[in-house]
Amino acid sequence: MSDPLKCQFERNGLKSIKIAELLFRNQIIALVGGSDNNKWPNTKVIIWDDYQLRQIDEIKVGQAVLAVKLRKDKLVVVMRKRVHIYNLSDLEFFGALETADNPLGVVALNSTTETFVLAVLHEENPNDVFIQMLNHSREHRVIHCHSHPIAQLALNHDGRYLATASIEGRRVKVFNSYTMQELRVFRHAVKTT
């Protein structure tokens with residue numbers, strides 16, 4: 001039986017990469033370096049075309065980048081206490097959100113371009129999620145999720161469902177991001193001896 005996670009190909013010359021975010025199954029990749037070196041700094045997002053094997057653009061943010069999310073029309077860059085949003089077509093700055101201290105780079109972005117739903121840590125409380133919606137109007141919501149800081153967020157393709165997990169790691173909660181209603185809680189059984 002073959003290993004399903006076998007390396008299919010690799011690129012040499014892309015050393016010290018900390019983050020690589022693929023645009024769907026496209027050849028466009030957002031890259032962030034893992035150090036302060038000049039070629040691949042952790043304060044710059046490189047837009048890489050893997051078909052042409054070259055850099056096509058870059059964004060300098062002046063702070064260490066902790067996460068990047070891509071979709072066909074937007075690029076989201078996460079820093080420790082701030083999230084920047086850019087139009088992917090021309091890398092023009094679209095907006096920014098302040099967040100609570102976010103050393104893990106926690107963020108979620110829906111993938112369909114019919115709606116825009118972005119989930120980040122709330123500015124005042126890392127146990128809550130701030131949902132920014134840019135559909136027909138600018139709307140936002142705050143959902144109280146956990147009694148401990150959030151460690152992971154995920155949105156489904158249209159942004160309707162938000163899954164959250166805290167650093168405690170015992171529960172995954174699922175919310176309707178439009179109504180803020182908690183829909184389901186999945187508990188991790190913990191055995192005590």
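The values are calculated or read from the model by the stated rules, or taken from the named source; none is laboratory data. Note that the structure is predicted; figures quoted are calculated from it, not measured. Using ideal geometry, Cβ is built from the backbone for each residue, glycine included, and neighbour counts are taken over all protein chains shown.
Just a few scattered comments:
- Restricting attention to the stretch 18-27 and to residues that are modelled with pLDDT of 85 or more and outside any strand (DSSP E or B), the residue that is nearest to Ile85 (Cα to Cα) turns out to be Leu23.
- Single condition Ala154 does not satisfy, out of (1) under 16 Å from Ala108 (Cα atoms); (2) more than 13 Å from the chain's Cα centre (by Cα): (2)
- Of all residues in the stretch 28-78 being in a strand (DSSP E or B) and of a type in the set (Gly, Ala, Ser), the one that is nearest to Thr113 (Cα to Cα): Ala30
- Residue in the stretch 65-78 that is over 18 Å from the mean Cα position of the chain (by Cα) and surrounded by fewer than 16 Cβ atoms within 10 Å (Cβ to Cβ) present: no
- Filtered residue count, the stretch 133-162, keeping only those that are touching a Lys or Arg at 6+ places or on another chain (Cβ under 8 Å) and within 22 Å of Phe94 (Cα to Cα): 1
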